[in-house]
Amino acid sequence: MKQFLMLSCILACGTAGAAPSGAVRCDKLLDVKSGKTLDDQAISFSIGVVTSVGPAASLPTNAHPTVVHGTCLPGLIDAHVHLTSDPVHAGYQGLGVSIPRQAVLGVKNARLTLQAGFTTVRNVGAMGFADVALRDGVNAGDVEGPRMQVSGPVLGITGGHVDNNLLPYEYHVTNMGVADGPWEAVTRVREVIKYGADLVKIAASGGVLSKGDLPGAPQYTLEEMQAIVTEAHREGRRVASHAHGTQSIKDSILAGVDSVEHASLIDDEGIQLAKDRGTWLVMDIYNDDYILAEGLKAGKLPESIEKEKAIGRKRQESFRCAHAAGVKMAFGTDAGVYPHGDNAKQFAKMVEWGMTPLESIQAATLNAAELMGWSGKVGVLAPGAYADLIAVPGNPLQDVRTLEHVAFVMQGGAVKKDTLSNGSVTQ
């Protein structure tokens, strides 16, 4: 635990440059902890960090806050994105996209994500450590985008979900991150950490968008995953496991992963295991709509569409069961499977499948921050947190779809988007 805390302090950094100091005055402020909406509140900050939150009447008379005419809340967090990927590069079309091109796509997609109100993300899978470069560019102030934790290449078995099998044998292509057996897997963990990964992502089962495998089929064994988790935790990194299949979900939890991604076919035993062991579930329940409506036009393989038809509805039903059982759940969308910037469309699906609007917002603030080890720094507006704030024109507790129309974004005290305010931040 101490290693995780040390790593969190290192990673939860602001973007480069002196962040402004000042204040924001909000018509309404949603306290995501209590669920209360407070009237006429002010958030003061210095060097990009919140110093106080309270009634606007408490501001000094010489303060000149940015006045936001809407409902303010903390910047949102998406704990499962692929910023260096675009949905139009699916299937065989993706073979023509180089790693440098993916990094360029990441610059575009990072800005779209930030403009949508997601000021923090966890990027779980990118080729060639393009996500490491993107994170470093954001931190250096070269790129406008969310705060990032990144995994680099996903670890998986030969011929599995993360091993490119679109090309025939004579090309002898083996993807980055492929590792078979416990010791080879440990070597890959050390390698991704060496080149800058903040966390480790593994593929425990087959996938929807990979060719030739089945989402429910186990890939990594329990022994391999135990070796990965032990080494990652020893190095202070958390582990996210891509697992659709029932057995792979349970093996992932037994191996000690920190989060299970997708969890489409989780059963009652798996739900109880996750609850007992405090394992997070990160379930993408919006992108099914996009894949089925737009997938073929975007170049996704026909077999992937069929797999999504078989598994998408089950993932939504599993989400409802896991939530009802009280499993820890964080907001994650698999952005990159659908267009970046549409992340907030998942809120309505989470409400449709059992959460209250407040619970869905907490999943994208308090819960996701805890999953990432950044509690108190992101996902909350309180002294000591980064001055990451968004605002919407309506009340998201009455209509969670208002979060699809973020009109004001502040990150580290710097205004990134503004159609709701008058006045300016004092320097």
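Cross-link check: pairs K250/K275; K36/K417; K201/K250; K28/K417; K328/K349; K36/K328 evaluated at a Cα-Cα cut-off of 20 Å; pairs beyond the cut-off: K36/K417; K36/K328. Taking 0.36 nm per residue of sequence separation and removing the Cα-Cα distance, the E317/E370 pair yields an extension gain of 16.6 nm. Roughly how far apart, in whole Å, are the Cα centres of the stretch 302-338 and the stretch 108-141? The stretch 302-338 and the stretch 108-141 have Cα centres spaced 23 Å from each other. Each of I271, I305, I43, I249 was scored by other Cβ atoms within 10 Å of its Cβ. Listed from fewest to most, they are I305, I271, I43, I249. Sorting L214, L265 from the fewest to the most surrounding beta carbons within 10 angstrom yields L214, L265. Using the Kirkwood formula over every pair of different C-alpha atoms, what hydrodynamic radius in Å results for the stretch 372-418? Result for the stretch 372-418 stands at 11.7 Å. Relative contact order, whole percent, for the stretch 199-313 stands at 24, derived from Cα pairs under 8 Å and 6 or more residues apart. Taking 35 Å as R0, compute the FRET efficiency from the Cβ-Cβ separation of A293 and D267 and round it to 0.05. Here the calculated transfer efficiency is 0.75. Considering only beta bridges that DSSP places wholly inside the stretch 34-124, some 60 percent are antiparallel.
For the chain, modelled as a GNM whose springs connect Cα atoms under 10 angstrom apart, the maximal fluctuation among A368, A382, A240 occurs at A382. For the stretch 105-205, the set of chymotrypsin sites (Phe, Trp or Tyr not before Pro) satisfying both a DSSP loop assignment and a count of at most 13 other C-beta atoms within 10 Å is given as Y195. Would you kindly calculate the translational diffusion coefficient of the stretch 298-427, applying Stokes-Einstein with the Kirkwood radius from alpha carbon pairs, for 4 °C and a viscosity of 1.567 mPa s, and quote it in µm² s⁻¹ without decimals? Estimated via Stokes-Einstein, D reaches 77 µm²/s. Computed on the chain, with alpha-carbon pairs under 8 angstrom and 6+ residues apart, the relative contact order is 22 percent.
Extension gain, E306-E223: 0.36 nm per intervening residue step, less the Cα-Cα distance, totals 26.8 nm. Give the Debye-formula value of log10 I(q)/I(0) at each listed q (0.08, 0.11, 0.14 Å⁻¹), with one equal scatterer per alpha carbon of the chain, two decimals each. Scattering profile of the chain, log10 relative to I(0): -0.41, -0.77, -1.24.
Set the Förster distance to 25 Å, then compute FRET efficiency between Q398 and A324 from the Cβ-Cβ distance, nearest 0.05. E(calc), rounded to 0.05, equals 0.60.
Which shape class applies to the stretch 52-175: rounded if a/c is under 1.5, otherwise prolate when a/b exceeds b/c and oblate if not, where a ≥ b ≥ c are the square roots of the Cα gyration tensor eigenvalues? Prolate. If you take the Cα centroid of the stretch 229-256 and the Cα centroid of the stretch 64-90, the two points sit 27 Å apart. Simple spin-label estimate for Q115 and N175 gives 2.9 nm between the two label positions (7 Å along the Cα-to-Cβ direction from each Cα).
For the stretch 76-343, the antiparallel share of DSSP beta bridges with both residues in that region comes to about 5%.
FYI, it's all coordinate maths here, none of it is from the lab. Predicted, not measured: the structure shown is a model, and the values here were computed from it. As a convention, Cβ positions derive from the backbone with ideal geometry for all residues, glycine included, and neighbour counts pool all protein chains shown.
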